[in-house]
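Peer 1: So that we are looking at the same thing, I have put the structure below in structure tokens.
The values are calculated or read from the model by the stated rules, or taken from the named source; none is laboratory data. These numbers come from a predicted model, not from an experiment. A quick note on method: Cβ atoms are made from the backbone with ideal geometry, for glycine too, and the neighbour counts reach across all protein chains shown.
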Amino acid sequence: MPGVRLKIGDNEKLSTKITYEDLIVLYKQFIYRYGEVPVYSKCDLRHNMPQGRIVNRILKENNITYNDFLLQFGKVSHVRTESMDYDIYVQRYKEISDKIGRALKETELINNKYGLPSSGWFVKYCPCDSVKTFVDFVRWCGYDVHYSLTKEFVSQKLIELENRLGRPILREDITENNIGFSTIVLNRLYGGLNDAKKEIGLMRTLPNQPLSFEYYKITLTEAFYNLKNKTGRNFASWHDLESGLYHKNNISHKSMKRAFDREGLDIFSYIKSIGFEMNPNSFGHRYVFNDGERTISSMEFDFSTYLRSVGYVYNSNYFRDVMYKNFTGETGKINCDYVVNIGNNKKLYVEIAGVIYNNKNDNWRTCYYSSKKHREYQKNLIRKENLLIESNCSYLFLFPSDMISGDFKNILINKINYIKKMVA
């Protein structure tokens, strides 16, 4: 369908033939005549303007968003965007944040002058499933979230936390995992937790009434024996004990240690006296089985112990630290944690991915990790997965949530049964 003729300065041109430069002139003419920036409903022949579809085509051909185009004419409003533009707007958010030396705040995105969409839009279309709030988005972009938080936001979060707890908020309640920020934010905005409570009108902290030493001693002892019964381990990290998997009572390592200190006792000596030992974290604990297998983390220990419990034998039908060059086209010195023989010449290649977290949507490949160490680990794990896929290998990656919860047992057995069914 032929276009209509539009007056552009002293010339006329078919609306289907106008260029980006012509479009700018048409918009300026409209603004001069009518005193406003035209909206789509006024893009018609009566106003000497091309139709909206023509405007969109020209902007798309020139890789310019509609919001950016309007911004040059001083049109500042709520930005309406499509999810396909996400990477463009994230890049602009970062560029502006870098320019001003901090992350743009949530309130600064309301009818903003930067041509950026709202904070809710950034959260809604983020490809990382762990991004649930604007604070998560800022962290995902690689910025310090502390300086992007406002008093209004923090106050509301504290009110919600108090309602959820049903008691006065304690310092140990203020963690990034629990509320999205640390006490550093409270110190910056209010001067501290007590000052924040006073200003917001929250319940005051009650005088500290520590539980008895016997309570802590019995709780700690029972937790270790429960862990031993469930995992076979005689060592644990504080993360193990605080996970809630081995005792219904709350275990805080600070409270435990203070209780022993009040009695003039060393908590680690007591733990050793009942036949156990502490491991600083879930990694770095070395253990050698009687047949020579060596594990270097509690996660590896748990996995090997389970394999043995269901009949697998080390160096007979499961192997450790097998080089990728032995079963893929890889030439470098990377190895696979476990190779399990499951019969019919089929093998299962297992990596204990204990450094990075994953969630139920399995987003570890695309999630942005703030730590450089974690990003490097993610990169190497993706490399391993590509090698396994290219070599047509059956594989399984297990993450901390799988190991700590014990779900890895069902995940492993289900995977083995699936492979056996496929080759039957």
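Peer 1: Tally time: how many residues in segment 290-307 are buried (at least 16 other Cβ atoms within 10 Å of the Cβ) and charged (D, E, K, R)?
Peer 2: Qualifying residue count, segment 290-307: 3.
Peer 1: A further question on this structure: Since GLU36 meets every condition but one in (1) under 24 Å from ASN63 (Cα atoms); (2) surrounded by fewer than 18 Cβ atoms within 10 Å (Cβ to Cβ); (3) under 46 Å from the mean Cα position of the chain (by Cα), which condition does it not meet?
Peer 2: Unmet for GLU36, out of (1) under 24 Å from ASN63 (Cα atoms); (2) surrounded by fewer than 18 Cβ atoms within 10 Å (Cβ to Cβ); (3) under 46 Å from the mean Cα position of the chain (by Cα): (1).
Peer 1: If I go through segment 87-119 residue by residue, how many of them are at pLDDT 85 or above and farther than 17 Å from PHE134 by Cβ?
Peer 2: 2
Peer 1: Quick test for you: out of ILE296, ILE267, ILE356, ILE274, pick the one residue that is at pLDDT 85 or above and touching a strand residue (DSSP E or B) at 6+ places or on another chain (Cβ under 9 Å). Outline the logic, then answer.
Peer 2: Numbers: ILE296 fails: at pLDDT 85 or above; ILE356 fails: touching a strand residue (DSSP E or B) at 6+ places or on another chain (Cβ under 9 Å); ILE274 fails: touching a strand residue (DSSP E or B) at 6+ places or on another chain (Cβ under 9 Å).
From the options ILE296, ILE267, ILE356, ILE274, the qualifying one is ILE267.
Peer 1: SER371 is checked against (1) exposed (fewer than 13 other Cβ atoms within 10 Å of the Cβ); (2) more than 26 Å from SER316 (Cβ to Cβ); (3) at pLDDT 85 or above and fails just one. What number does that condition carry?
Peer 2: Failing condition for SER371: (3).
Peer 1: Now, a different point. Just one of (1) more than 24 Å from GLY244 (Cβ to Cβ); (2) buried (at least 16 other Cβ atoms within 10 Å of the Cβ); (3) among the β-branched types (Val, Ile, Thr) trips up ILE382, so point out which.
Peer 2: The number of the failed condition is (2).
Peer 1: Write out, first by first residue and then by second, each pair whose Cβ atoms fall under 7 Å of each other, whose residues are 6+ apart or on separate chains, and whose first residue, in segment 290-308, is in contact (Cβ under 8 Å) with a residue 40 or more places away in the chain while the second is surrounded by fewer than 16 Cβ atoms within 10 Å (Cβ to Cβ) and part of a loop (DSSP other than H, G, I, E, B).
Peer 2: Pairs that qualify, where the first residue is in contact (Cβ under 8 Å) with a residue 40 or more places away in the chain and the partner is surrounded by fewer than 16 Cβ atoms within 10 Å (Cβ to Cβ) and part of a loop (DSSP other than H, G, I, E, B), are THR305/GLY232.
Peer 1: A follow-up question, please. Give just the number: which of (1) at pLDDT 85 or above; (2) surrounded by fewer than 21 Cβ atoms within 10 Å (Cβ to Cβ); (3) assigned to a helix (DSSP H, G or I) does CYS128 not satisfy?
Peer 2: With (1) at pLDDT 85 or above; (2) surrounded by fewer than 21 Cβ atoms within 10 Å (Cβ to Cβ); (3) assigned to a helix (DSSP H, G or I) applied to CYS128, the lone miss is (3).
Peer 1: Mind listing whichever residues of segment 309-334 are touching an Asp or Glu at 6+ places or on another chain (Cβ under 9 Å) and part of a helix (DSSP H, G or I)?
Peer 2: Passing the criteria: only TYR324.
Peer 1: Starting from residues that are part of a helix (DSSP H, G or I) and surrounded by 13 or more Cβ atoms within 10 Å (Cβ to Cβ), keep the ones in segment 39-55 and report whichever is modelled with the lowest pLDDT. Outline the logic, then answer.
Peer 2: Filtering segment 39-55 for residues part of a helix (DSSP H, G or I) gives 40-42, 45-47, 52-55.
Remaining after also requiring surrounded by 13 or more Cβ atoms within 10 Å (Cβ to Cβ): 40, 42, 45, 47, 52, 54-55.
On the way: TYR40: 78, LYS42: 84, LEU45: 88, HIS47: 90, GLY52: 85, ILE54: 90, VAL55: 88.
The residue in question is TYR40.
Peer 1: Another question about this same structure. Condition first: modelled with pLDDT of 80 or more, out of contact with any Asp or Glu (no Cβ under 9 Å at 6 or more places or on another chain) and not basic (Lys, Arg). Now tell me which residues in segment 242-258 satisfy that.
Peer 2: MET256
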